[in-house]
Amino acid sequence: MMMTQANKQSYLGVRCLSCRQPIPVPSILAVSTSATEQENPFLSTDQQHDRVFSLRCRSCEREKPYRASDVAEFEGTPVVRTSRLRSHGDSSRPGGLAHSANA
């Protein structure tokens, strides 16, 4: 018995410029890009693809600028973000708050 692959999942994203892992594009960004194209069909394709946005990679935590033309469809489901390590402040204090300059 062969299973059909009709339930393939995919998502829109970009490849991280640092580690090359796929970064999912937030749905609001994907919707706004397609809405702009529908609202103003007279924009040249160069103008439509010149839109720039910044995304943070879930794997390497680096944030880079991407163009709308960098967006591609990726198979599968997006990788879930792992908990971020605190890089600022003293995590031994309650709430991870750092000492203030006035204290």
Criterion first (under 30 Å from GLN9 (Cα atoms), touching a helix residue (DSSP H, G or I) at 6+ places or on another chain (Cβ under 6 Å), at pLDDT 65 or above and not acidic (Asp, Glu)) does ALA68 satisfy it?
yes
Hits in segment 54-77 - residues which are touching an Asp or Glu at 6+ places or on another chain (Cβ under 8 Å), over 17 Å from CYS19 (Cβ atoms) and of a type in the set (D, E, K, R)
ARG67
Return the pair list, or none, for Cβ contacts closer than 6 Å from residues in segment 58-84 that are at positive phi to residues that are at pLDDT below 90 and open to solvent by 90 Å² or more (accessible area, probe 1.4 Å), at least 6 apart or on different chains.
none
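The values are calculated or read from the model by the stated rules, or taken from the named source; none is laboratory data. Since the structure is predicted, the reported quantities are computational estimates derived from the model, not experimental observations. No Cβ is skipped: glycine too gets one built from the backbone with ideal geometry, and neighbour counts run over all protein chains shown. We work out accessible area using only protein heavy atoms, side chains counted, and drop any ligands, DNA or RNA first. Shrake-Rupley method; radii C 1.70, N 1.55, O 1.52, S 1.80 Å.
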